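Handing you a structure now.
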Amino acid sequence: MPLREINNLAGLLAWSPIGNGDLRSVVAVGTKDSGSIGFDDYGGDLELYDLCLNQGTSSSTPEVKSLGSVKTSSRFASISWTSMATKQQEFPMGLIAGGMLDGTVNVWDPARLVNGHEQPQLTSINKHTGGAVGGLQFNPHPASSHLLASGGSDGEVYIMSLENPETPNVFVPAPPPNQTKHTSEISKIAWNTQVAHIVASASNNGSAIVWDLRQKKPWCELREANRSPISDICWNPTEGLHLITASSDDANPVVKLWDLRASTTMPLATLQGHTQGILGVSWCPHDPRLLMSTGKDNKTIMWDLFSLKSIAELPSGGEEEAAPSGGNANSIGGGAFGGMGASQQKRYDIQWSPHCRGVLATCSFDRKIQAHSVVGAGQASGKAPKWLQRPAGVTMGYGGKIVKFNAALKTGVAIERMVEEPVLKAASEYFEGMMANKDYKGFCETKIANSQSEKERQVWGFMSLIFEKNAREQLVQYLGFDSEAINKLATELDPASDVSGGMKESQMGKMAEDAVSKALLVGNFEAAVECCFKNGQLADALILSSCGGVELWQKAQAMYFEREAKSRPYLNIVNAVINNTLSDLVVKSDLGKWRETLAILSTYGKSEEFPGLCEALGARLQEAGDVDSAALCFMSALNIEKTVTFWKAELDQALGMGDNVMALHTFIEKVTVFSQMEAGFAFPEDVQEMFTQYAEALANQGLGWLAMQDPSSGRTYYANQQTGATTWDPPPMPIPAAPVPQPQVMQPPIPAQQVNPTTPTKPSFNSANLANKYGDGFVSSASNPELAAQYGNIGTANPYNGAARPAGANVAGSSTGTPHQVPSQPAAEPAPQVQEIPPELMTVVNGLKGLIGALEGAQLAMPEKKQLGEISKGCEILFVKLATPNAIDPDTAGKLQTLVAALQNKDYATAGNMSTLLANSVWRQHKDFLKGIKYLIQLAGKKL
C-alpha cells in the first residue's frame, strides 16, 4: 500500500517548499483534464491537499485532506511552487505558478486559496504563443526565489521576476544580438541547484541549453546525436556541474549523466534499464546517489549513481498481486520498505519531497496520485540512504582515544587522544620515570614533601628508611630518638639539680662488713652477695656476683631488677635486653609509647628476631584499634602481605566514597615501592585486581607502563630464569661466601679489675648475607657486624651480648679447675658434611621436582614466573638439608612426605594444613624453604 493516495485525479504535482509545520506534506495538483464527458470543457482545477504524512500510516490515520481548489480557464502543462523567501510575511505559503496549455503562465497565492479568497490568482502572463508551456520552475535559491523560468512550445525561454507579482518583469536569458534559441518545443526547465544565475532548458529535438543570466548568453549546449527528444532534465542537488537528461525515444530510452567540466559532447555515464521512452526523472535532494526514473514501459526505477546500477523498482499492480510477500528482491513494495503503491498504468511524473526524507510522489495515467516511501530501498546496493547515515559521530576507543568524523566538513576520520585525568597522567609519568631510574629513595622523599596528611608523611618516611644504609639506626632517629642529642643531654645533666639535698651513700655496719670479708676468705661469693643485698650495697653485690660464676651473676641480676625496676622503669629495658626477653617487653609495653618500644626493638633486637617482634607489636596495636600505627610496625617488619592489607582497606574506603582514581594511584605507588624489597612476591588476587584497574585507568588516558615499553632508551631487560626477578640492569656476579669473624665479648664494667670469661663460645661459619641492592633494610650492624665495614655505615657494638656471661673466678681448692687458669679456645667445629638423601625421603625430592616441572610447562604470568623461581630456590635448599644428617628431624620429614603426597593427589587443603603446621613448629629453623613450599601450594592450586 502507498503511504497516501488521491484517486480520480489526473494532474501535475508540486510539493510545498515550506518546511515548517504541516505545510511540509502539502501538495499542489494542477489537472491535465477536466474529468467531465463534455466536449466544450477546456478548463482545469488547481487543488491543494495535505497528505498528513506527519501523522503516520496506521489505520486510524485520517485520509488526505483537501485544503482548497480553484477553477482555471485552461488545463495545466506544468506547475511549480516557490517559498518567496524574500517576501515570506506577505506570502506565508509562497506562490504557485502554472504553465497552461493555452500558452499562459498563471500565478496564485495558495494562502488566499486555503482561506477561501474570492480571487486567489494574482496575475497571468501571456508571452508564449502557439501552444503549451511545458517547462516551468521557480528558482530554488532563497534570495532568488521570486524568479520563474518558463519554456513553451514556441521554443522560447522567459525569465519572469515576480518580486511584485501583480506587475511581473519578463526578460529573456540571452537578449539580442544573441541569436541562440531552441528550434523545437521546450519540454522542461531546471534551475541550477548551486549557482542561482544558471538555468537549463531541454527541447524535443534533442538539444539542451545551459543559460548564464549574468552573462546574458548560453553557457553551453548539449545535443543528442540522433536528435532524440529530451523528456526531462535535472541538476545534481550538491554538484553544480552535473546534469541529467532523459530520452523519451523508444529506440534509445536512456538516462545520461553529464559532467559539464569534462565534456559537453560525451556523457559521463549512461543508464540503461528502460525498454521504452522515459517520461520523467527526479534527483533525490537528500541523497545525490539516488535517482528515480519512470517510463512508458510501466517501470519506475531507482538508480544508484555511484554504482550506475538500478537498485530497486516500484512494482506494477500485476507484480504486486503475483508476489504479495515480496517476490522481487529488488522491488520496492509490499511491506518490506514501507509499502509502495502500484499502478497497472504508466506513471508520467515523479517528484521527490523536498522536506519528507525518503518520500516521493507519482502521477499515473489511471488518474491516481500516490505518495511512496523508499526507506530501506538501498539494501540492494548495500548502503543506507544518506538521510539514514550519521552526519557526524564520535566514539571512545581504547587508550584514551576518540574517533570522530563530520560528513559535512569532509575531513575524514580523525583520531585524537583525550586526557580526562591530567593530574593522574602527570603523576603516573613521574612515577614511571622514577621507577625506571630506580630512584626509590628520591621518590619517597618527594612523596614526603608533597604529602597532605601526617599519616601519609609517616608511611613514606618509614618506606624511605628501607633504602637507607643502617636502616634500623635511621629508624630510631626517625622515631624521634637522636643519639647525639641524648648524649648531650646526659652530659649536661646536673645530678644535684635532680635530687634534692644531694645523694647520700648508705653505710654498711661493722658486723655486715666482717661477714662479707669472712665469706670472701673462704670463697663463698653467694653469701657475700646476699649480705650486700640485705644491707643495701647493690653495686658491691653485682661486682661480687661476677666472681661467683654464671648462675650467681644471673641470680644477682634478677634480684637487682626485682628490687629496683619498680622505682626505675628503664631497668625493665635493661632486663629484657640482658636476658633476651624482648618478646615479653613487647607484650607488657605501653601501647601509648609504641614508638619507644619500636626504638628498643630496633636498637637491641637481633636481625632474625626483629621482624617477629615488630609483627607482635603491630598485632597488639591492631587489636587496640590503632591500625595506622600497626601498619607502620608491619612495614618495619618488611611484612608486605600484612602491610598491603592495611593499604587495601584504606583504598576500599576511598573508592566507596566515589571514583577516586588518585587514591588508586597512591596505592599502586606504595605497593610497588614497598615490594621492591622482595623480588617475586605474589600479591593476593584482590591486590592484583587493583593493578588491573590501574592499568585500565592509565590506558584510558593514553598511558601505559612506560618504563617497561621504552625501546628507544637503549636499556636491556633482564630476567632471572631461576627466581623470575626482572631488572633493566645485568644480573650481578655472584659473591663468594666468606666466614664472619666472631665478635669480641663485651664484659660488664668492674671498677677495680676485669675478670676474663671462662665460658667458651663456638665460632660459626655462616655465609655472609649479601647486602640488599637498595639498602640494608631493617638490619642492625650490632647483630650483623659485616655491615659495619660498608661505606656509610657506623659500626655499633652490642653491649648486651647474651652469648657471653661472666665466668666464675677460680678459688684455691675448688673443684672448678686450676686456680687462675683460663682454658684455651677450642678449635672450630667442621661444617656438616652433605651426604646422599635417604631412600625413604626420595619421594619428597621426586615429588617436588615433578610438580616444578609441571608448573614450568604451564602458562604463567610474569608474577607467577617470579613465584616459581622462589619455589625452585626453596626446594634446592630443602634438598640440601635432606642430604645433611640431623638437619631435619623425623617429625618434620614425615609432615613433608604427607604434604608432597597431598600435592600429587591435588589435595590442596591437606597440603595447606601441613604447611601451616610446619610454619607454626619449625619456621625459625626452616623458613628458608618453607616459604617456597607455601608458594608451591598456591601456584599448584591455580595451575595444576
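Scan (1) in a strand (DSSP E or B); (2) touching a Lys or Arg at 6+ places or on another chain (Cβ under 7 Å) for the single condition His274 breaks and write down its number.
(1)
Being outside the structural domain of Leu308 (by TED's automatic domain parsing), crowded, with 23+ Cβ neighbours inside 10 Å and of a type in the set (Asp, Glu) is true for just one of Asp212, Asp259, Asp232, Asp250. Which residue is that?
Working: Asp212 fails: crowded, with 23+ Cβ neighbours inside 10 Å; Asp259 fails: crowded, with 23+ Cβ neighbours inside 10 Å; Asp250 fails: crowded, with 23+ Cβ neighbours inside 10 Å.
Among Asp212, Asp259, Asp232, Asp250, only Asp232 is outside the structural domain of Leu308 (by TED's automatic domain parsing), crowded, with 23+ Cβ neighbours inside 10 Å and of a type in the set (Asp, Glu).
Looking at (1) in contact (Cβ under 8 Å) with a residue 40 or more places away in the chain; (2) in a helix (DSSP H, G or I), which is the one condition that is false for Glu608?
Answer for Glu608: the failing condition is (2).
For every residue, the table says whether it meets (1) at pLDDT 95 or above; (2) over 23 Å from Ala77 (Cα atoms).
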residue	(1), (2)
Val199	yes, no
Asn205	no, no
Ala225	no, yes
Trp235	yes, no
Glu239	no, yes
Ala262	no, yes
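Please indicate, with yes or no, whether at least one residue in region 342-353 is modelled with pLDDT of 65 or more and over 26 Å from Lys296 (Cα atoms). So that I can check it myself, show each step before the final result.
To start, the set of residues in region 342-353 that are modelled with pLDDT of 65 or more comprises 345-353.
Retained after the next criterion (residues that are over 26 Å from Lys296 (Cα atoms)): none.
Within region 342-353, not a single residue is modelled with pLDDT of 65 or more and over 26 Å from Lys296 (Cα atoms).
Scan region 388-405 residue by residue and report those that are touching a residue at least 60 places away in the same chain (Cβ under 8 Å) and out of contact with any Lys or Arg (no Cβ under 8 Å at 6 or more places or on another chain).
So in region 388-405, the residues touching a residue at least 60 places away in the same chain (Cβ under 8 Å) come out as 398-401.
Residue satisfying the conditions is Tyr398 alone.
Which of the residues spanning region 847-882 are of a type in the set (Lys, Arg), over 11 Å from Gly680 (Cβ atoms) and either surrounded by fewer than 17 Cβ atoms within 10 Å (Cβ to Cβ) or within 41 Å of the chain's Cα centre (by Cα) (or both)?
Filtering region 847-882 down to residues of a type in the set (Lys, Arg) leaves 849, 865-866, 873, 881.
With the extra rule that they be over 11 Å from Gly680 (Cβ atoms), the set shrinks to 849, 881.
Within region 847-882, just Lys849 meets the criteria.
Is it the case that region 411-430 has a residue that's of a type in the set (A, V, I, L, M), more than 20 Å from Ala697 (Cα to Cα) and either modelled with pLDDT under 85 or surrounded by 12 or more Cβ atoms within 10 Å (Cβ to Cβ) (or both)?
We begin by selecting, within region 411-430, every residue of a type in the set (A, V, I, L, M); these are 413-415, 418-419, 423-424, 426-427.
Next, from what is left, pick out any that are more than 20 Å from Ala697 (Cα to Cα): 413-414.
Checking the rest, the ones that are also either modelled with pLDDT under 85 or surrounded by 12 or more Cβ atoms within 10 Å (Cβ to Cβ) (or both) come to 414.
Taking every residue of region 411-430 in turn, at least one turns out to be of a type in the set (A, V, I, L, M), more than 20 Å from Ala697 (Cα to Cα) and either modelled with pLDDT under 85 or surrounded by 12 or more Cβ atoms within 10 Å (Cβ to Cβ) (or both).
Testing Ser506 on (1) at pLDDT below 65; (2) outside any loop (DSSP other than H, G, I, E, B); (3) among the small types (Gly, Ala, Ser), one condition comes back false. Which one is that?
Every condition holds for Ser506 apart from (2).
Counting residues that are among the polar types (S, T, N, Q), which strands (runs of 3 or more DSSP E) fully inside region 381-448 reach at least 1? Spell out how you get there, then give the answer.
Numbers: elements: 392-397, 401-406, 413-417.
Of the strands (runs of 3 or more DSSP E) lying wholly inside region 381-448, those with at least 1 residues that are among the polar types (S, T, N, Q) span 392-397, 401-406.
Say we look at region 532-571 and pick out the residues that are modelled with pLDDT of 65 or more, of a type in the set (A, V, I, L, M) and within 22 Å of Lys588 (Cβ to Cβ); which of these is surrounded by the most Cβ atoms within 10 Å (Cβ to Cβ)?
Met559
Hey, another quick one. Wholly within region 840-944, which helices (runs of 4 or more DSSP H) include no fewer than the required count, namely at least 1 residues that are of a type in the set (Asp, Glu) and closer than 28 Å to Leu613 by Cβ? Break it down stepwise before answering.
Values: elements: 842-856, 862-882, 890-904, 908-943.
Fully inside region 840-944 and qualifying: 862-882, 890-904, 908-943.
Moving on. Within region 411-433, is there a residue that is on the phi < 0 side of the Ramachandran plot, of a type in the set (Phe, Trp, Tyr) and touching a Leu at 6+ places or on another chain (Cβ under 8 Å)?
Of the residues in region 411-433, the ones on the phi < 0 side of the Ramachandran plot are 411, 413-433.
In the following step, the residues that additionally are of a type in the set (Phe, Trp, Tyr) were identified as 430-431.
If we keep only those that are touching a Leu at 6+ places or on another chain (Cβ under 8 Å) as well, we get none.
No; the residues of region 411-433 include none that is on the phi < 0 side of the Ramachandran plot, of a type in the set (Phe, Trp, Tyr) and touching a Leu at 6+ places or on another chain (Cβ under 8 Å).
Looking for something closer than 23 Å to Ser231 by Cβ and modelled with pLDDT under 95 - is there at least one such residue anywhere in region 107-126?
Keep residues of region 107-126 that are closer than 23 Å to Ser231 by Cβ, which gives none.
The answer is no; no qualifying residue exists.
Residues in region 235-267 that are assigned to a loop (DSSP other than H, G, I, E, B), under 52 Å from the mean Cα position of the chain (by Cα) and of a type in the set (Asp, Glu): how many?
Number of matching residues: 1.
Next question, about the same structure. Given the residues Thr193, Thr245, which is the only one that is farther than 19 Å from Gln179 by Cβ, buried (at least 24 other Cβ atoms within 10 Å of the Cβ) and assigned by TED's automatic domain parsing to the domain that holds Asp259?
Just a single option satisfies the conditions, and that option is Thr245.
If you take the residues in region 1-58 that are of a type in the set (Phe, Trp, Tyr) and either in the same structural domain as Gln351 (by TED's automatic domain parsing) or modelled with pLDDT of 85 or more (or both), which one is farthest from Pro140 (Cα to Cα)? Working first, answer last.
We begin by selecting, within region 1-58, every residue of a type in the set (Phe, Trp, Tyr); these are 15, 39, 42, 49.
Cutting the leftovers down to either in the same structural domain as Gln351 (by TED's automatic domain parsing) or modelled with pLDDT of 85 or more (or both) gives us 15, 49.
Values: Trp15: 13, Tyr49: 22 Å.
That would be Tyr49.
The values are calculated or read from the model by the stated rules, or taken from the named source; none is laboratory data. Note that the structure is predicted; figures quoted are calculated from it, not measured. For neighbour counting, all protein chains shown are included, and Cβ atoms are generated from backbone atoms with ideal geometry for every residue, glycine included.
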